[in-house]
1. Using packing as a proxy for protection, rank 25-32, 215-222 so that the peptide with the highest average count of other Cβ atoms within 10 Å comes first.
2. Which sequence of VAL341, VAL120 reflects their accessible areas, 1.4 Å probe, from the largest down?
3. Quick check for me: using +1 on Lys/Arg Cβ and -1 on Asp/Glu Cβ, what's the dipole size of region 243-376 about its Cα centre, in debye to the nearest 20?
4. If one takes the longest principal axis of the Cα atoms in the chain, at what angle in degrees, from 0 to 90 and to the nearest 10, does the Cα axis of helix 438-456 lie?
5. Nothing charged except the Cβ atoms of Lys and Arg (+1) and of Asp and Glu (-1): what's the magnitude of the dipole of the chain about its Cα centre? Round to the nearest 20 debye.
6. In Å³ and rounded to a whole number, note down the convex hull volume per residue for the Cα atoms of region 282-414.
7. From Cα pairs below 8 angstrom and at least 6 apart in sequence, can you work out the relative contact order of the chain, rounded to a whole percent?
8. Regarding region 158-247, what is the average projected area of its C-alpha convex hull, in nm²?
Amino acid sequence: MSMEEHRPTQNSSKLIETIALWIMTGYAFAAPLVFAPFVAANVFEFPKWFLTSMVAVLLIILTGVYMLVEKKIVLPAREYVIPISLFVVAVLASIFFSTSNKIAFFYGKAGLLLSLSFIVLSALVLLREKVAMLVYAMLGSSFILSIFQILAFLEVLPKVLTNPIFSAKTFTPMGSQLVLASFLAVILPLTITFALKTKESAQKIALFVVVGFQTVAMIFAVAQLLPSQPANPKFLPFASGWSIAMDQLKTGKTAFFGVGPDKFAIAFSRFRPVTLNQSEDWFIRFGASSNEWLNVFTTMGLLGLATFVLVILSFTRKALVVKEKSPALSAAALGLAITLVLLTVIPANIGILLPLFVLGTVLISTASSERVEINQPKVALAAAVPLLAIPLFLGFSVVKAGMAEVAFGQSLVYASENKGGETYRSQIRAITLNPYIASYRLSYSNTNLALANSIASKEELTDEDRQNITQLVSQSIREAKAAVALDPENVNSWANLAAIYRQLINFAQGADEWTVSSYVQAIRLDSTNPQLRLDLGGLLYSLNSYEDAIDQFKQAISLKPDF
């Protein structure tokens, strides 16, 4: 290639790298702050998932374009691409071997982990300079979060912003005081280190000002996490988390692949230690283990745990090498070390995962000499095509999921305003846009039954009313069954189906048998739960099956003698 031909290519590559840097910087700044009050279903977590997914899609597309422009395959160094790629394979394998609806995984923690992994891989190809901007971006977002926290705690925020979501002292764009405290626990020491090591006076003063706001916000967050406070978190005792993780080893599939990312609740119900019934939190169905290492082990098995450790080691090794090169890298290395401590203490949340992957990207984004480049234009073209086509499809799916979540959130707003018709139509739209989410089906089944009960409460029923009631009841049962089909290992789905059938016992033939059958299935999945035994016993008593009812009550007593 001549110098004249090389220069436009080089300019195009630089432009792509600049765009990628600004996308990553914007993501590092916006991710902790983004929330959506109009999405009442999931105001905080879903917008962060949506943003992370879209950034991953954009960066993968840019990587494909970059390879087309460069006319060569560009990969991160082997020491980084292998562990991160193996972790991606472990997540996908855990999804594949799970008994739950596999597509739904991508809309939860699994999708978040995959997106963060692809963001790191793309960034290692596209980012080679000025990656310290990501540290500045996270410092900026932490400053804004701190201001929100202070104003909310002092009850000034509701006077400025009228939306009801801002009225609570515990409000934070991160979603909860625990998530905020986790994030600040990483960023506050990072900021102090940066401030101490930088030699620029103006920057040092600005950083210490940020430290002041972060410290006050951290104190307010911790104060609300203390026992007896409204934001006091509940964690699964370590002994119980360890017991559940060990029980996963009883079968080969769960030992190697777990129950599926973000499906700890299934393992918890299946292997729940009966000793938990003696604690004051016996009624909680925990959605995460005692810390993130046990959580990964339980949900993704030995394969997931091993590959997660490899990713952490790749980040750590680079941190030890580059930590003295600049104040930003020293601060990033300390922040990474704190995330590892937090992973050992509590289950991961977005306040830990975000700095873990962003700081990891900062530390291991190095010069081009550490990249693998294959100068084969035809091979590069073949590799770039899927990097362009697949993300476009995924991006379309992410947008549809976002539209579905907005529709479902709007349905909850309508429900709170007793607008039955609007609730019904919004939930239909949500299910049409994303038919893979069991919680949409659960809500829709209950909406149908509520509308049927509302019509049935009329003093005089017309033939049309009776026809509508029959149709609504039929739809309620259909959607409850659909929720069970989407998530057959979820106790809540079976309990919801039992509750719907129970309301129909005096109106539909065979409803009593279906109710009992649904409760039995729920108990099979959560055998140490005394509440399910009590509910089934009460049902059997009402059906005059006194001996069977007594048997269920005795089992409930044996599971929790002080109930």
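1. In decreasing order of mean packing, 25-32, 215-222 become 25-32, 215-222.
2. Largest accessible area first, the list is VAL341, VAL120.
3. Result for region 243-376 is approximately 220 debye, rounded to the nearest 20.
4. Its long axis makes an angle of about 40 degrees.
5. 1620
6. 183
7. Computed over the chain, the figure is 18 percent.
8. One quarter of the hull surface, i.e. the mean projection, equals 9.2 nm².
The values are calculated or read from the model by the stated rules, or taken from the named source; none is laboratory data. Keep in mind that what you see is a predicted model, and the values were worked out from it rather than measured. Note that each Cβ is placed from the backbone with ideal geometry, even for glycine, and that neighbours are counted across all protein chains shown. Only protein heavy atoms, including side chains, enter the accessible area calculation; ligands, DNA and RNA are left aside. Shrake-Rupley method; radii C 1.70, N 1.55, O 1.52, S 1.80 Å.
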